[in-house]
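Right, one structure below, let's go through it.
The values are calculated or read from the model by the stated rules, or taken from the named source; none is laboratory data. Predicted model, so just to flag it, every value in this text is computed and none were measured. Because the Cβ atoms are built from the backbone with ideal geometry, glycine has one as well, and the counts that use them run over all protein chains shown.
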C-alpha cells in the first residue's frame, strides 16, 4: 500500500525488556514524526526527523528512548528496559515537506500498541 | 513549544444536533490543523487554516481561525453517528497536538 505502515501492531513486553518499533513512511516523504498516545489523550510529540537527521528529540521522555532513521526512510523507535508507564500507542507520521516549510499534512500509521506487564 | 488547549474534553450528543469545539492557545500560529482520529487508527487531516479570520467548510463541518491566529473552532451541523471520534488540533509550526475533544454522536 501507499500509506504509512507500522510494525508490530501489538507488542506485549515484560518490564525490563527492550522493544523496537518500526515505521515505514510514505516513499519520498522528507519528514517523519513519532508520537506517544496514552489512552484517551492526544498524541504527545516524541521526536522529528528531516531525512536522516534527527532535528528534534525534545519529547523523548528519558534516555531509555532512542530513535533512528539511518537512510532517511524507515525509522525505528527503541525503548530500553521498558516500564509500565511506557504502555501506550506509539504513532508514526510522515510528511512530504520539511517542518520548516509550514506545509505539514501528516499521514499517520495505525500505531503500535505497547503493553508492558 | 506552543501549548494548545481543547474544549470540551468530552461531548456526547444526539444525532441531528449541532456542536462546536474549541482550540485555544496564548501563542500565535502560522497555521493550524484539525485532525479526526477513530479507534485503532491514526489521526486523519481534516483541514489546515492559515489566514486570521479564515473560514473553511467541509460538508457539514465549518472551521474558523481566529483573527489573531491564536484560536480556532470547529462547528458541526446536524451531527451524525459517523462523526464520532477524537478531534485534535495541532499547530503547523511544531506539530504538537492538543489533548483533543472526544465526540460521541448517539443515533
Out of the residues in segment B:68-100 meeting the condition of being part of a strand (DSSP E or B) and at the interface with chain A (Cβ under 7 Å from one of its Cβ atoms), tell me which one is nearest to residue A:33 (Cα to Cα). B:97
Answer with yes or no whether residue B:104 is in contact with a strand residue (DSSP E or B) (Cβ under 9 Å, 6 or more places away or on another chain), outside any strand (DSSP E or B) and within 14 Å of chain A (Cβ to nearest Cβ). no
Out of the residues in segment B:45-67 that are within 13 Å of chain A (Cβ to nearest Cβ) and in contact with a strand residue (DSSP E or B) (Cβ under 6 Å, 6 or more places away or on another chain), state the one that is nearest to residue B:27 (Cα to Cα). B:49
Being within 14 Å of chain B (Cβ to nearest Cβ), surrounded by 13 or more Cβ atoms within 10 Å (Cβ to Cβ), under 25 Å from residue B:86 (Cβ atoms) and at pLDDT below 95: is that true of residue A:42 here? yes
Return the residues of segment A:94-111 that are at the interface with chain B (Cβ under 7 Å from one of its Cβ atoms) and either touching a strand residue (DSSP E or B) at 6+ places or on another chain (Cβ under 8 Å) or at negative phi (or both); say none if nothing qualifies. A:99, A:104, A:105, A:106, A:108, A:109, A:110, A:111
Of the residues that sit in segment A:67-83 and are crowded, with 17+ Cβ neighbours inside 10 Å and outside any loop (DSSP other than H, G, I, E, B), which one is farthest from the other protein chains (Cβ to nearest Cβ)? A:79
